[in-house]
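Novice: The structure that follows is given in the form of structure tokens.
The values are calculated or read from the model by the stated rules, or taken from the named source; none is laboratory data. Model, not experiment: these values are computed from the prediction. Virtual Cβ from ideal backbone geometry, glycine too; neighbours counted across all protein chains shown. The area values use the complete protein model at the heavy-atom level, side chains included, leaving out ligands, DNA and RNA. Shrake-Rupley method; radii C 1.70, N 1.55, O 1.52, S 1.80 Å.
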Amino acid sequence: MCIRDRLKRIVFLYECLLELEVVIAKGDVVKEVAKFAAAQGADRIVTTFTECPHITAQARELGAEMVNDDPFIAAAGPFDLKRFSRYWQRVERKALEL
């Protein structure tokens with residue numbers, strides 16, 4: 001993917017986030033989430049379970065509680081999570097049936 005396409009993707013995501021009532025922060029995820037939680041007076045961090053080992057490691061480092069909710073799409077793993085498109089190819093049909 002060329003740099004222009006990457007920048008277009010980032011701009012698209014940024015513009016989508018601007019439509020929501022969210023706080024956008026840049027930096028180390030663990031540090032930024034911990035700082036935000038402290039500023040809000042939170043006594044715990046809760047997130048949904050994910051198959052992504054990188055995000056799971058970040059949640060563990062934060063001491064976050066991971067809730068194992070019903071998955072959006074029930075599909076047999078393991079998944080190749082390096083590219084969203086590879087995951088989407090496996091679940092697209094089921095996702096669009098919803």
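Novice: When you scan segment 1-31, how many residues do you find that are among the aliphatic types (A, V, I, L, M), in a helix (DSSP H, G or I) and either touching a strand residue (DSSP E or B) at 6+ places or on another chain (Cβ under 9 Å) or open to solvent by 80 Å² or more (accessible area, probe 1.4 Å) (or both)?
Specialist: Of the residues in that region, 5 qualify.
Novice: Let me ask something additional. Would a scan of segment 55-68 turn up a residue that is touching a Gly at 6+ places or on another chain (Cβ under 9 Å), free of Cβ contacts under 8 Å to residues at least 24 places away in the same chain and open to solvent by less than 100 Å² (accessible area, probe 1.4 Å)?
Specialist: Scanning segment 55-68, I find no residue that is touching a Gly at 6+ places or on another chain (Cβ under 9 Å), free of Cβ contacts under 8 Å to residues at least 24 places away in the same chain and open to solvent by less than 100 Å² (accessible area, probe 1.4 Å), so the answer is no.
Novice: Does Arg44 qualify as being of a type in the set (D, E, K, R) and either part of a helix (DSSP H, G or I) or surrounded by 11 or more Cβ atoms within 10 Å (Cβ to Cβ) (or both)?
Specialist: no
Novice: Okay, moving on. Given the conditions (1) part of a loop (DSSP other than H, G, I, E, B); (2) at pLDDT 95 or above; (3) open to solvent by less than 50 Å² (accessible area, probe 1.4 Å), which single one is not true for Ile73?
Specialist: Unmet for Ile73, out of (1) part of a loop (DSSP other than H, G, I, E, B); (2) at pLDDT 95 or above; (3) open to solvent by less than 50 Å² (accessible area, probe 1.4 Å): (2).
Novice: Take Glu51 and decide whether it is surrounded by 12 or more Cβ atoms within 10 Å (Cβ to Cβ), outside any helix (DSSP H, G or I) and in contact (Cβ under 8 Å) with a residue 12 or more places away in the chain.
Specialist: Against the criterion (surrounded by 12 or more Cβ atoms within 10 Å (Cβ to Cβ), outside any helix (DSSP H, G or I) and in contact (Cβ under 8 Å) with a residue 12 or more places away in the chain), Glu51 qualifies.
Novice: Could you please tell me which pairs satisfy a Cβ distance under 8 Å, a separation of 6+ or placement on different chains, a first residue in segment 14-30 that is among the small types (Gly, Ala, Ser), and a second residue that is outside any loop (DSSP other than H, G, I, E, B) and open to solvent by less than 70 Å² (accessible area, probe 1.4 Å)?
Specialist: Hits for this filter: Ala25/Glu32.
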